[in-house]
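Here, each number is a calculation from the coordinates, and none is a lab measurement. Being a predicted model, the structure only gives us computed values, none of them experimental. Heads up, the Cβs are rebuilt from the backbone with ideal geometry, glycines too, and the neighbour counts pull from every protein chain shown.
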Amino acid sequence: MKIHKYDTVIVGAGGAGMRAAIESTKRSRTAVLTKLYPTRSHTGAAQGGMAAALANVEEDNWEWHTFDTVKGGDYLVDQDAAEILAKEAIDSVLDLEKMGLPFNRTPNGTIDQRRFGGHSRNHGEAPVRRSCYAADRTGHMILQTLYQNCVKEGVEFFNEFYVLDQLITEVDGVKKSAGVVAYELATGEIHVFQAKAVIYASGGCGKFFKVTSNAHTLTGDGQAAVYRRGLPLEDMEFFQFHPTGIWRMGILLTEGARGEGGILRNKDGERFMEKYAPVMKDLASRDVVSRSIYTEIREGRGCGPEGDHVYLDLTHLPPEQLDAKLPDITEFARTYLGIEPYTDPIPIQPTAHYAMGGIPTNVEGEVLSDNTTVVPGLYAAGEVACVSVHGANRLGTNSLLDINVFGRRAGIAAANYSQTADFVELPEDPASLVVEQIEQLRSSTGNERVAELRRELQETMDANVMVFRTEQTIKTAVEKIAELRERYKNVAIQDKGKRFNTDLLEAVELGNLLDLAEVMAVSALARKESRGGHYREDYPNRDDVNFMRHTMAYREVGDDGTETVRLDYKPVVQTRYQPMERKY
Amino acid sequence: MATPVMDKAETPGAAPAASPYITVTFRVRRFDPEVAADAFWEDFQLEIDPKERVLDGLHKIKWDMDGTLTFRRSCAHGICGSDAMRINGKNRLACKTLIKDINPEKPITVEPIKGLTVLKDLVVDMEPFFQAYRDVMPFLITKDTNEPTRERLQSAADRERFDDTTKCILCAACTSSCPVFWNDGQYFGPAAIVNAHRFIFDSRDEAGEQRLEILNDKDGVWRCRTTFNCTDACPRGIEVTKAIAEVKKALITRRF
């Protein structure tokens, strides 16, 4: 076991982690621990753009953006946070341009902007061009630009280090972050990082679904680490299903395709979104579009022999426009489906995409241990966190924005904190939990296999807690997850070595996914209403009287060692906007 | 506007009646110094839909047959650059290579990319590769003392000038396909030059001369012998050899 000491430790090197690192490294001695090489992070898979009311191509302002974000989130958004997001969006985009990001340009040489779902002029009048973009590779460009600037600033990376535990020490009755424990993939060695401040920026957990746009590595490691240490997770029942994943594969096809004029059609060739969203049509918010797609499929208007998908039609767009604005997604259609998008429509289905919920933070990125109390020295930003700027449903292009605005804020806040705070003493035998977990997995002679349990988890999640949910389906999922968690105790791995043991890490990741799936399903069961991405067929309406509140889920361990999820609730911050019926 | 005919595109899995699965052999280069000093080939027979990816095949092996098989992967659709490997003798991303496109009749050989030290099975040491990248100063350098309040202006044509090289995902498929790099690990390699090109030809950047001097080094662009392996290997379709030629030309003319 090795012990390291840094002022600030950042967990994860996607957009939020690297944006934080650029700020933190300038101000404090910083280490970034990342389970992937930074440029492998899934920020790079984001395509369509980053919202900011630059008003480069038409009238726009941050207040309209705030409204759209609040409405898009079905009023579960904390409005003070959304206002910060929309206001700071403008400087965030300009900062990236100054760092070198190659945005597409207007004929005047300014940053070009395009339409995106849910972003509107003057509180819903018509779509507005607010998304700043670089073809359909905006996430790739953000990830590369941030990595380039990390190289420039000399950010210290620990690549292929898996953070498996959060260390917390109680000082004078206050729980403070003391550091993290990490596992080095190359050697199997355990490292303890003592740090004054820790920032989680480790991304989402979409891999508990089968059809997902998420990378294999998005297994909720950060959320699971803090949850197991007794900290809450907020709004985990809200998961976004992106309308246009490649049929059966789930690979993302950007909403920018519809922003450029692409149309969704059913088997009769009908532009069905006109029925569900007369104003915004194909550019309604993602939850609305995904439900509309499944409604078409359920009512027998799906495409293909099994009627299980619909089409994204780009055939009316000029090939030059597709080449210039959507080069990557058209290539995906050619590579993975053998389809030429110039002439043929692309089969799509909704794909599990984004966790609106996560580790609760305030607007400075400080992690909360209950509805109001800050954990000194602990921060989170990006998909792992819940500020909450996305509420019940995130708008497209607001996630690339979130990582930049709140990544930067967390980086500054954590570094400022570690400039003044002292190191907190490490708990006795700080690596014990991780050592025990690793040894248990390595020496297990059980008869359960990781791949099989993961497959069963993904199948139950897709079948029971996807776009449409009922009490019965969610209960089925809760019971199945409980069974899988029990069977997980008997999981065994084949690779017993120390060197690059990805067999072992996949087992650890499955454990994280199982914990988070349970939190999600239990949270969803209790929310007896429909709001944003959480749609209950047995409670099809939004219920502001009983459920205008954030879910806070805590892990409880009984005297006999049994683990349960305890739910509590937190008020929503409302400033300018009173909840209204949501129409697009 | 004509309404498209909606039943034209019925892939994948067009005919649900017949099983799409075929049996293929994966011949994988194995190496684990914790177990044995030498590398060896191991064959795996698996059932796979030819429309699946080589990565899916590797997962079938790892998840259902041999958990010790080790490789890097993440996004599984050609964006993250984790899974560059040598498949049937050519550098490709395992997640962007479909079984049907590489003749499943014969054993499919999968081995680590060349020129970087193999650490375990298909995992190589990426540090020398990233060091070469860092050496070309891969970040925008400007001499502005007063930062502009708005974005810098750049014409669409100036933006287009370096578009091709912005696509790089640092997968190392190009560099590890280069015979010069195999023979002499000191050569910067195509990926580092691509990333230097991305800034040399960006109208906003003001350190082109410095980067050119770095690449004028004995281990720089002049080592390139224009074999086009890199261009063939690039999973992003970057014209790598052309980018290197443009850097050479800029070194001669000092115009860029």
Legend entry - Karplus-derived HN-Hα couplings along the stretch A:150-157 (A = 6.51, B = -1.76, C = 1.60, θ = phi - 60°), whole Hz, x at Gly and Pro: 5, 4, 4, 7, x, 4, 8, 9
Inset, instruction - Compute the Cα gyration tensor for the stretch A:236-358, then decide on rounded, prolate or oblate, letting a ≥ b ≥ c be the square roots of its eigenvalues: rounded whenever a/c is under 1.5, prolate when a/b is larger than b/c in the other cases, and oblate in all that remain. - result: rounded
Inset, instruction - Over 30 Å, how big is the tail of the calculated P(r) for chain B, in percent of all Cα pairs? - result: 40
Legend entry - Antiparallel DSSP beta bridges within the protein assembly as shown, as percent of all bridges there, nearest 5: 70
Legend entry - Loop-resident sites, the stretch A:180-280, for trypsin sites (Lys or Arg not before Pro), counting at most 15 other Cβ within 10 Å (DSSP): A:Arg271
Inset, instruction - Please go through the stretch B:77-176 and write out the chymotrypsin sites (Phe, Trp or Tyr not before Pro) that DSSP classes as loop and that have at most 14 other C-beta atoms within 10 Å. - result: none
Legend entry - Burial ordering of A:Phe193, A:Phe239, fewest other beta-carbon atoms within 10 Å first: A:Phe193, A:Phe239
Legend entry - Counting all C-alpha pairs of the stretch A:432-540, share separated by more than 20 Å (%): 45
Legend entry - For the stretch A:1-136, share of DSSP beta bridges that run antiparallel, in % to the nearest 5: 65
Legend entry - Packing-based exposure ordering (other Cβ within 10 Å, fewest first) of A:Ile199, B:Ile108: B:Ile108, A:Ile199
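Apply 1/(1 + (r/R0)^6) to the Cβ-Cβ distance of A:His316 and B:Asn216, taking R0 = 41 Å, and write down the FRET efficiency to the nearest 0.05.
Details: r = 50 Å, r/R0 = 1.22.
The value I calculate is 0.25.
What does the charge add up to near A:Asn56, with Lys and Arg as +1, Asp and Glu as -1, over the other residues with Cβ less than 9 Å from its Cβ?
Once positives and negatives cancel, what remains is -3.
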Inset, instruction - Using only the Cα atoms of the protein assembly as shown, build the gyration tensor, take square roots of its eigenvalues as a ≥ b ≥ c, and label the shape rounded, prolate or oblate: rounded if a/c is under 1.5, else prolate if a/b is larger than b/c, else oblate. - result: rounded
Inset, instruction - Extending each Cα 7 Å along its Cβ direction at B:Ala245 and A:Glu448, get the distance between those two points in nm, one decimal. - result: 5.9
Legend entry - Most mobile listed residue (B:Thr97, B:Thr231, B:Thr166) in chain B, GNM with C-alpha springs under 10 Å: B:Thr166
Legend entry - Kirkwood hydrodynamic radius of the stretch B:140-256, Cα pairs, Å: 14.8
Inset, instruction - Could you list, in their original order, any pairs among A:Lys71/A:Lys475; B:Lys60/B:Lys114; A:Lys5/A:Lys35; B:Lys90/B:Lys249 whose Cα atoms are separated by more than 26 Å? - result: A:Lys71/A:Lys475; B:Lys90/B:Lys249
Legend entry - Long-range amide H partners of B:Leu119 with built H, under 5 Å: B:Val124, B:Asp125
Inset, instruction - Compute the FRET efficiency between A:Ala55 and B:Ala37 as 1/(1 + (r/R0)^6), taking r as their Cβ-Cβ distance and R0 = 45 Å, and round to the nearest 0.05. - result: 0.10
Legend entry - Exposure proxy ranking, count of Cβ atoms within 10 Å, fewest first, for A:His216, B:His77: A:His216, B:His77
Legend entry - Beta bridge orientation in the stretch B:22-124: antiparallel %, DSSP, nearest 5: 85
Inset, instruction - Pairs of Cα atoms under 8 Å, at least six residues apart: use those to get the relative contact order of chain B, whole percent. - result: 16
Inset, instruction - Tell me the label-point distance for the pair A:Arg298, A:Met580, using the 7 Å Cα-to-Cβ offset, in nm and rounded to one decimal. - result: 2.8
Inset, instruction - Determine the shape class of the stretch A:361-454: with a ≥ b ≥ c the square roots of the Cα gyration tensor eigenvalues, call it rounded for a/c under 1.5, and otherwise prolate if a/b is greater than b/c, oblate otherwise. - result: oblate
Inset, instruction - Give me the distance between the Cα centres of the stretch A:483-551 and the stretch A:100-160, rounded to whole Å. - result: 31
Inset, instruction - Give, in nm to one decimal, the length gained when the segment between A:Glu428 and A:His123 is fully stretched (0.36 nm per residue of separation minus the Cα-Cα distance). - result: 104.3 nm
Inset, instruction - Taking H placed 1.01 Å from N in the peptide plane, check which residues at least 5 places from A:Leu167 or on another chain put their amide H under 5 Å from its amide H. - result: A:Ala178, A:Gly179, A:Val180, A:Val181
Legend entry - GNM result for chain B, Cα springs below 10 Å: residue of B:Arg150, B:Arg72, B:Arg198 fluctuating most strongly: B:Arg150
